[in-house]
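Below is one structure, written out as structure tokens, with a few remarks after it.
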Amino acid sequence: MSEAKPTTSVCPNCGTTRSGAFCHRCGQNDKDYLRAVHRVASEMLGETFELDSRLLRTFWALVAKPGQLTREFAQGRRASYMSPVRLYLITSLVFFFFLSMSGDWDLTIDGAHSQEMGEAWEELRVDPDFLAVYGRMDAGEKAQIQAWFQLPDEAMEELNAGVGGVGQRADPEAESWESRVARRAMALEPKQLRDNLLDGLPIAMFFLVPAFALLMKLFYPRRYYTEHLVLGFHLHSFMFLLFTVLELLPEPGPDAMGALDVVWSGLRGVLLTGGLVYAFLTLKVVYGQSVAMTTLKFFLQFIAYTILLIVAIVSAFVLPLMF
């Protein structure tokens, strides 16, 4: 026999009398999971495919139809797509996962770079700002400087004698934040520098989205801030996908032919140019202004956003070293 449900019932979650499949107060549905396993499994399977359908529909609209997701959201057609925040979280998670797995960040000093490092050291060892920072370093931090520049013990002894114990006489409480950041950064191994940046960058990028929305509000003041925020999540989600593809592109090895290197570099250039075109088309579709006005604003927005992006990246690197 089929399980007939009354038209009205009491919500077991909040105790409110409800009419229909969902409680109007807390939103809980009327599904009863204390039933036969095959019925519960069937419903869960249907919900899974429904989620997959929304996921595919969202990604297709994001990649193939610039600006459509933001327009659909603004016009109230949201049920068919994934929420902007969830889309952002998924794409950023994928990007930062592959970025963390990349080996391109390994900073090694080989013979080709030893001469450059030597020239840099000759300038650094007489720089008064560096000497002031070096004077505050402990033995472990000084050892890391020696490892960074592959200095012989004689060079370190000469440097220590030249500093003359500045670090021991300096008041730690009087150290500026610039000096603290420089000292701690130079005392880290290359892998630790990379890990510090990767730890802070996802947070910095997330807070970059509302800053981007505020920037767009300055250019389009008649639109609601929420619409700019949704656009920010959608546009950054696409860029995360684009840079994930760039991250996954196999680089030609050191023995690759020159033509292959040119093709690889050209492909990266095409993808990056495509990202700029995508951003331009998105602004044109969402805000509906003329090509000339959109081009002018896009140029100014690109400069302003580049500044915001640099601030976000520097903050992700500097803030963990300040405290």
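Brief remarks follow.
- Radius 15 Å from Cβ of residue 301, net charge of other residues (Lys, Arg +1; Asp, Glu -1): +4
- Taking a sphere under 13 Å around the Cβ of residue 201 and counting the other residues whose Cβ falls inside, with K and R at +1 and D and E at -1, yields a net charge of -1.
- Cβ-based net charge around residue 82, under 9 Å, with every Lys or Arg adding one and every Asp or Glu removing one: +3
- On the beta carbon distance between residue 13 and residue 77, with R0 = 45 Å, the FRET formula returns roughly 0.95.
- Relative exposure of 137, 101, judged by other C-beta atoms within 10 Å (fewest first): 101, 137
- Nearest-0.05 FRET efficiency for residue 195 and residue 226, computed from C-beta distance (R0 25 Å): 0.10
- Extension gain for the segment residue 101 to residue 306, taken as residue separation times 0.36 nm less the Cα-Cα distance, is 71.2 nm to one decimal.
A short reminder: the numbers here are calculations on the coordinates, not readings from a lab. All values derive from a computational prediction rather than experimental measurement. For neighbour counting, all protein chains shown are included, and Cβ atoms are generated from backbone atoms with ideal geometry for every residue, glycine included.
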